[in-house]
Amino acid sequence: MFANRYDLAIAPLHFILLYFIITQTNSNYRCVAHGDWEQSMIEAVQLHKEFGAFQAVREISLQVAEGEVVALLGPNGAGKTTTVRMLGAILKPSSGAARIAGYDVVAQAREVRHVVGLLTEFPGLYHRMRAMEYLAFFGALQGMQARACAQRGEQLLKQFGLWDAREKRLDSYSKGMKQKIALIRALIHDPPVLFLDEPTTAMDPHSARTVRDAIAELRAARRTILLTTHNLVEAETLADRIVVVRGGQIVAEGTRAELTRQLLGEPVWELRLAAPSERAAALLDGLAPIEALGDDWVQYRCIDARAINPQLIGRLAARGIPVVSLAELPRSLEDVYLSIVADDNAERGTWNASAERAAALPATAEIYLEEVQP
Amino acid sequence: MSVSAIRTITRREVGDTLTDWRILAPMFILAFILPLLLVSAANFAIRFIGDDATVSLMVPFVMLLVGFIPASFSLITALETFVGERERNSLEALLAMPISDGALYLGKLFSSLLPPLISAFTAMGVFCGALALAYPDLFAQGLTPQYILVIVLLITTKAVVMVASAVIISSHTTSVRAANLLASFVLLPTASVVQLEAILIIGRTARSWSVLWIIVLLLTVMAIALIRTGMGAFNREEILSREHEQLNLRQVGRTWMTFFREYRPAGVTPDQYSHVKFSPARFYRHELPQLLRDYRLPLAVALIAALSGLLSGGYIGTTYHVGLLDNYLANIGSAPQPSLGLGLYVALNNIRVAALSGVFSLFVFGVFAFLVPAVAFAQVGFVASSLARQGGSWFTLDHSSPLQFLLAYVLPHGIIELPVAILGAAMGLRVGAALMSPPKGFTVGQNILWALAQLAKVWLFVLVPLFLLSGLIEGLITPLVVVALYS
């Protein structure tokens with residue numbers, strides 16, 4: 001087997017080399033398992049959670065790709081926090097399955113907790129500690145070396161403007177500062193997946209801006225973020241996709257534009273004239289359905305604005321009808337959200353009633369909206 | 001389980017405790033000021049009592065007190081561990097860390113235990129040192145190395161028992177207030193143990209020190225059982241899921257009835273039951289054999305208890321002369337008149353003992369249930385071996401023969417009664433073990449309800465009829481057999 005003594009001498013080195021290759025391959029594999037999970041970093045299938053007779057989450061299925069920011073919107077008690085806790089491997093699902101960065105939330109709960117950074121709904125700090133001690137504690141629990149943790153902590157404290165307050169005890173921090181340090185805690189081990197529950201709650205506008213900028217940076221760094229929020233502007237500006245949850249179920253899902261179209265219909269255009277609107281209305285016949293008609297204005301739904309609007313302008317010009325303005329009516333995410341959950345508070349008499357009602361909900365929000373809209 | 005995670009949690013919590021002057025100040029006072037005050041009071045005690053020897057009897061007790069008071073502080077920190085964090089909303093972040101439930105539990109346990117225990121040891125050290133310096137004779141008379149060791153162990157084991165119980169309470173309540181209310185279940189028995197220890201220490205006989213060692217042993221067993229219970233019952237999911245301190249008796253009743261109506265192995269949750277009605281035929285034909293198979297371990301333990309009792313009774317009967325039982329041994333050969341009343345009395349007594357030992361086992365980890373067959377068999381072993389010690393032969397049938405005693409007094413009804421007692425003990429043992437480690441799929445509450453439902457079912461449909469039968473035999477037939485063999 002060994003040709004000469006030299007071969008014999010270096011044989012152990014081969015084994016050592018082989019060992020390093022194997023271990024390195026394994027560690028690379030781990031990184032790849034985290035980093036190359038491009039299909040979906042968060043994947044939930046029919047996730048269901050019951051507390052006794054109460055169904056908190058009902059068969060939620062969700063996929064979030066690497067680098068994607070998804071906002072989970074919904075009224076209080078909709079099941080957002082329970083969903084996040086299941087995905088964070090803190091609660092076990094009653095049924096269904098979920099994988100985070102390829103790790104199963106039940107069978108590989110510890111791995112999941114390692115790749116997830118969780119910002120909880122309340123900062124919940126250890127008030128007697130100082131910022132660096134606090135971060136060192138959570139860093140150590142995440143298995144970080146003290147030095148690496150200190151460097152990362154310093155970087156994050158500086159980024160979030162808390163470096164000067166690092167020697168103060170956390171109980172002396174303002175609400176916004178507490179929220180920031182809680183966010184830093186979630187980021188300390190540089191996780192590929194982040195669950196942020198109300199990240200800008202209680203922050204002043206400047207701090208909120210800092211946090212939003214940080215989220216945008218994380219997104220640019222291909223971090224996968226599940227954002228639970230009531231702040232529609234935040235969801236609109238930060239999220240690539242929005243998932244609306246109600247009664248423990250997903251009732252709507254998509255980009256803002258998709259949701260708007262799905263739930264509020266095609267865009268509505270408003271034409272203002274320096275003439276009675278009846279003349280223009282006649283011109284729209286066969287071109288676009290009229291939504292509303294005023295003395296000198298007309299609103300119509302336009303499926304294909306690029307095709308319809310030039311034609312309409314041409315017809316108006318040909319008839320000599322003076323146009324004041326033509327614009328698409330703005331429809332905010334708030335309109336979309338309220339259209340889904342507006343009646344929720346009115347019906348929140350008891351959880352049972354809500355749960356029964358949710359049980360009767362059809363699968364898609366579209367059908368649901370048809371049901372509840374007068 | 002990660003040792004470094006346990007160390008990290010412990011270090012943080014101990015650091016938190018030791019930077020809180022509200023905890024630190026009393027600990028300092030109890031560790032340094034109280035022992036010195038008590039030592040300085042020794043002079044007054046000597047003058048007041050006028051007898052060094054009497055005062056020296058008090059010294060070990062005072063040392064116990066000096067150690068116990070700071071150690072009892074562990075209750076405050078331990079009760080706060082989980083529920084306090086939950087109230088301050090800091091628990092969820094901790095539960096989201098990649099550490100095992102066991103590491104989390106042990107980290108909290110050690111962190112609750114260390115500061116009060118260090119304080120207690122310091123207090124006892126200060127007391128011993130100050131006493132040795134100020135009153136060397138009193139120290140030499142009052143404290144031997146053996147006394148010091150047993151007292152230190154008593155304090156340590158009691159602290160572990162208190163902390164382990166308090167951590168269990170803390171992880172199963174939703175508010176510090178509720179945890180404090182439940183703390184009386186820890187404090188009252190502990191205070192009773194301290195009182196017993198005080199009597200034994202002041203009594204200071206050779207036997208009382210042996211009893212103190214037995215208390216150390218029992219406290220150690222209890223501490224291990226409680227830590228095991230705490231680790232088995234600790235579940236981060238349950239801590240976060242528990243929202244209200246609400247006792248839903250209807251739900252409890254429904255769950256119990258589900259477990260009662262139909263037999264499924266432990267761990268099968270109520271929603272997996274088919275909710276069929278209870279059927280005695282199904283119970284006797286299918287469920288009882290299955291239940292007995294599933295109860296193999298408790299049955300084996302109960303059998304070991306019975307055999308241990310038999311051997312212990314035999315050993316005592318062979319080795320010692322128990323004067324109190326002379327009268328009983330002298331009456332061997334006589335029997336009461338056969339009567340239905342006697343049979344019913346015996347049967348009802350057995351039924352009552354089986355029910356009470358089973359239910360109370362819940363609170364003492366099955367010890368009562370364990371004792372019933374042990375004591376019953378010990379009596380048999382004692383009488384038989386006492387007869388043998390008095391010259392009776394195992395191979396002949398005569399008035400002093402242990403064999404004749406067994407055939408006349410034990411066999412007619414014992415052939416039914418003793419196995420039934422073992423079964424009853426096994427049921428009770430399972431109830432006692434219900435708190436310690438719920439099987440996968442069950443909560444602690446479900447496990448207790450399941451064990452109690454099986455106990456009730458077996459008690460009602462097996463133990464009661466068989467105890468009635470054995471009682472009737474004992475009341476109506478055994479006296480006839482005794483008369484026939486001994487006349």
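The values are calculated or read from the model by the stated rules, or taken from the named source; none is laboratory data. Note that the structure is a prediction, hence the values are computed from the model and not measured. Every residue, glycine as well, gets a Cβ built from its backbone with ideal geometry; the counts of neighbours run over all protein chains shown. Ligands, DNA and RNA are stripped out before the accessible areas are found, and what is left, the full protein with its side chains, is counted by its heavy atoms. Shrake-Rupley method; radii C 1.70, N 1.55, O 1.52, S 1.80 Å.
Here are the numbers for the structure shown:
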read-out	value
Solvent-accessible surface ranking, highest first, for B:L329, B:L36 at 1.4 angstrom	B:L36, B:L329
Average other protein chain Cβ within 10 Å of Cβ, residues B:12-20	3
Residue-by-residue Karplus 3J(HN,Hα) for segment A:285-299, coefficients 6.51, -1.76, 1.60, Hz, glycine and proline x	4, x, 9, 7, x, 7, 8, 7, 9, x, 5, 10, 9, 9, 10
Accessible surface of B:H275 - all protein chains present, 1.4 Å probe, nearest 10 Å²	100 Å²
Global form of segment A:268-330, assessed from the alpha-carbon gyration tensor, a/c cut-off 1.5	rounded
Relative contact order [Cα under 8 Å, 6+ residues apart], chain B, whole percent	16 percent
Using θ = phi - 60° and Karplus 6.51 cos²θ - 1.76 cosθ + 1.60, couplings along segment B:331-340 (whole Hz; Gly, Pro as x)	8, 4, x, 8, 8, x, 5, x, 7, 5
Entries in A:K49/A:K175; B:K108/B:K158; A:K158/A:K180; A:K49/A:K178; A:K180/B:K108; A:K80/B:K108 that, when Cα-Cα distance is taken, lie over 21 Å	A:K49/A:K175; A:K49/A:K178; A:K180/B:K108; A:K80/B:K108
Separation between Cα centres of segment B:257-302 and segment A:43-86, rounded to whole Å	37 Å
Percentage, to the nearest whole number, of Cα pairs in segment B:28-123 over 23 Å apart	46 percent
Globularity index of the protein assembly as shown, i.e. its alpha-carbon radius of gyration over 2.2 N^0.38 Å	1.31
Point-to-point label distance, A:Q145-A:R222, nm (Cα→Cβ direction, 7 Å offset)	2.4 nm
Long-range HN-HN contacts of A:H127 with modeled amide H, under 5 Å	none
Rg over Rh [alpha-carbon atoms, Kirkwood Rh] for segment B:136-175	1.35
Globularity ratio of segment A:192-317, using Cα Rg and 2.2 N^0.38 Å	1.51
Dimensions (Å) - segment B:1-42, Cα atoms, principal axes, largest first	49, 20, 8
Between A and B, accessible area buried - total, square angstrom, nearest 100, 1.4 angstrom probe	2500 Å²
Debye, to nearest 20: dipole size of segment A:70-171, +1 on Lys, Arg Cβ, -1 on Asp, Glu Cβ	80 debye
Segment B:430-481 versus segment B:193-227: alpha-carbon centroid distance in Å	31 Å
Contour minus Cα-Cα distance for B:D271 and B:L187 (0.36 nm per residue)	26.4 nm
Average partner coverage of A:116-125, which counts Cβ from other chains inside 10 Å	4
Point-to-point label distance, B:F48-B:E87, nm (Cα→Cβ direction, 7 Å offset)	3.8 nm
Under 16 Å from B:K440, Cα to Cα: lysines that are on another chain or at least 8 residues apart	A:K92
Alpha-carbon spread of chain B, three principal axes, descending order, Å	78, 67, 35
Placed amide H near A:L73: partners under 5 Å, 5+ positions off or other chain	A:V243, A:V244, A:V245
Viscosity 0.890 mPa s, 25 °C: Kirkwood-radius Stokes-Einstein D of segment B:3-241 over Cα pairs, µm²/s	131 µm²/s
Solvent-accessible area of A:S40 with every protein chain in place, 1.4 Å probe, in Å² to the nearest 10	10 Å²
Cβ-Cβ FRET estimate between A:Q311 and A:E258, R0 fixed at 22 Å, reported to 0.05	0.25
For segment A:281-312 versus segment B:380-396, the gap between their alpha-carbon centres in whole angstrom	113 Å
Dimensionless Rg ratio for segment B:250-486, taking C-alpha atoms and the 2.2 N^0.38 Å reference	1.14
For segment B:164-169, Karplus couplings with θ = phi - 60° (6.51, -1.76, 1.60), whole Hz, Gly/Pro x	4, 5, 5, 5, 4, 4
Accessible heavy-atom area order of B:M58, B:M124, A:M203, highest first, probe of 1.4 Å	B:M58, A:M203, B:M124
Distance (nanometres) between label positions extended 7 Å along Cα→Cβ at B:S487 and A:R319	12.9 nm
Within 10 Å of each Cβ in A:134-145, the average number of Cβ atoms from other chains	4
Long-range amide H partners of A:L194 with built H, under 5 Å	A:G117, A:T224, A:I225, A:L226
For the protein assembly as shown, calculated [θ]222 nm from helices alone, where every DSSP H run of n ≥ 4 adds -39500 (n - 2.57)	-20000 deg cm²/dmol
